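Just below is one structure, and these are the notes that go with it.
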Amino acid sequence: MREPAFWRPPSTWLSRLLMPLGAIYGEVAGSRMARKGVDVGIPVLCVGNYHVGGAGKTPTTLALVQVLRDLGETPVVLSRGYGGKLRGPVKVDPSRHVAADVGDEPLMMARQVPVVISGDRVAGAALARSTGASVIVMDDGFQNPAIAKDASFIVIDSNRGLGNGRVLPAGPLRAPLDLQIARTDALVVIGDGVAATGVAALVAGRGGPVLTARLVPDEASVAALRGKRVLAFAGIGDPQRFFRTLRHAGVDVAVEKAFADHHPYAPAEIDALTLQAKRDGLVLVTTEKDIVKLSSMPAAAEIVPFAVTLAFEDKAALQAFVVEKLNRARVKTLGR
């Protein structure tokens, strides 16, 4: 979906008109979040966000996976497989699955870490555990009560923030902010903007750690584009973040093309972008999430995937927090 303009500040009449519906939605969402989830027998770390749309969950999930591996753990990512036709539970296999089967984000992550998709998160957790997982990393699902979480990491983009701060459909929030903050164990602030300052203060005021991080472009991706003008396109939750990342890396972005999150590209769309790039002497570049949806198209060979990783300013603090949560989860399990 594309984020409507009235979700961004300043307040508009349409947002105010929808606030009663937002109050109803928020009441239902809050009641749902309060339900007790199933204990799946191994630690569960959830990476989520307060609002719909992109915040940086996928790079945060992969960064958390690496921290867990450094600690000697065997993490498996659990996703509902948004955008894919398979309901699961199924382990994603990049050699036979495509994005239309399992979703673009799970397919992308499965190149680096075992990923299980399942509409039924409890069943998905059981499959993840059966594959040898010592810990489950949930990609999204913060507002879903099905599984008991041992820690919830909430991701927020420091430039985007929370829009107008209202609940769906009046704004982008998935539930009232105070209820979500009450269930936040750690806040991950991506970037050096100021739009997340207020939320960070609220989380810190409750004693939760606020972890700052930044997206670091892959040097090979930067080298492939050095000295060239590009046509950048993206179908992610926040395409502007991708375009900013390119420019901050020194890439000369001549043209931007933004598509809706999880956009299913038609061959004609990619052909049109390819023709435009050739006509104007530009190089096509897109995200790793987008490129997995284009692998079957001949034009994909001419598109540069721009890879990024998430780097935490204080990785030791993140590691110590993760160790604490894992230990608590395992002590709790032994005490039953």
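Could you go through the stretch 252-266 and let me know if any residue there is assigned to a helix (DSSP H, G or I), modelled with pLDDT under 95, surrounded by 16 or more Cβ atoms within 10 Å (Cβ to Cβ) and under 24 Å from the mean Cα position of the chain (by Cα).
Taking the stretch 252-266 first, the residues assigned to a helix (DSSP H, G or I) are none.
No: zero hits.
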Notebook entry, point to check: When you go through (1) at pLDDT below 95; (2) within 30 Å of Ala320 (Cα to Cα) one by one for Ala128, which number turns out not to apply?
Noted result: (1)
Margin query: open to solvent by 50 Å² or more (accessible area, probe 1.4 Å) and in contact with a Leu (Cβ under 9 Å, 6 or more places away or on another chain): which single residue out of Ala204, Ala170, Ala196 fits that description?
Written below: Ala204
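This table checks each residue for (1) hydroxyl-bearing (Ser, Thr, Tyr); (2) open to solvent by less than 20 Å² (accessible area, probe 1.4 Å); (3) touching a residue at least 12 places away in the same chain (Cβ under 8 Å).
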| site | (1), (2), (3) |
| --- | --- |
| Thr74 | yes, no, yes |
| Lys85 | no, no, yes |
| Pro94 | no, no, yes |
| Gly103 | no, yes, yes |
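Answer yes or no as to whether Asp178 is acidic (Asp, Glu) and in a loop (DSSP other than H, G, I, E, B). Lay out the reasoning, then the answer.
On the way: acidic (Asp, Glu): yes; in a loop (DSSP other than H, G, I, E, B): no.
Criteria not met by Asp178.
Does Asp290 satisfy the condition of being within 30 Å of Val44 (Cβ to Cβ), in contact (Cβ under 8 Å) with a residue 60 or more places away in the chain and open to solvent by less than 30 Å² (accessible area, probe 1.4 Å)?
On the way: within 30 Å of Val44 (Cβ to Cβ): yes; in contact (Cβ under 8 Å) with a residue 60 or more places away in the chain: yes; open to solvent by less than 30 Å² (accessible area, probe 1.4 Å): yes.
Yes, satisfied.
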Margin query: Going by what's in this entry, would Ala23 be described as touching a residue at least 24 places away in the same chain (Cβ under 8 Å) and out of contact with any helix residue (DSSP H, G or I) (no Cβ under 9 Å at 6 or more places or on another chain)?
Written below: yes
Margin query: From the list Val308, Val285, exactly one residue is in contact (Cβ under 8 Å) with a residue 12 or more places away in the chain, in contact with a Phe, Trp or Tyr (Cβ under 7 Å, 6 or more places away or on another chain) and closer than 29 Å to Gly83 by Cβ. Which is it?
Written below: Val285
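Does Met33 satisfy being open to solvent by less than 80 Å² (accessible area, probe 1.4 Å) and either out of contact with any Ser or Thr (no Cβ under 6 Å at 6 or more places or on another chain) or not hydroxyl-bearing (Ser, Thr, Tyr) (or both)? Spell out the reasoning first.
Numbers: open to solvent by less than 80 Å² (accessible area, probe 1.4 Å): yes; either out of contact with any Ser or Thr (no Cβ under 6 Å at 6 or more places or on another chain) or not hydroxyl-bearing (Ser, Thr, Tyr) (or both): yes.
Answer is yes for this residue.
The values are calculated or read from the model by the stated rules, or taken from the named source; none is laboratory data. These numbers were taken from a predicted model, which means no experiment stands behind them. Virtual Cβ from ideal backbone geometry, glycine too; neighbours counted across all protein chains shown. Protein only, heavy atoms only, side chains kept; ligands, DNA and RNA dropped before computing areas. Shrake-Rupley method; radii C 1.70, N 1.55, O 1.52, S 1.80 Å.
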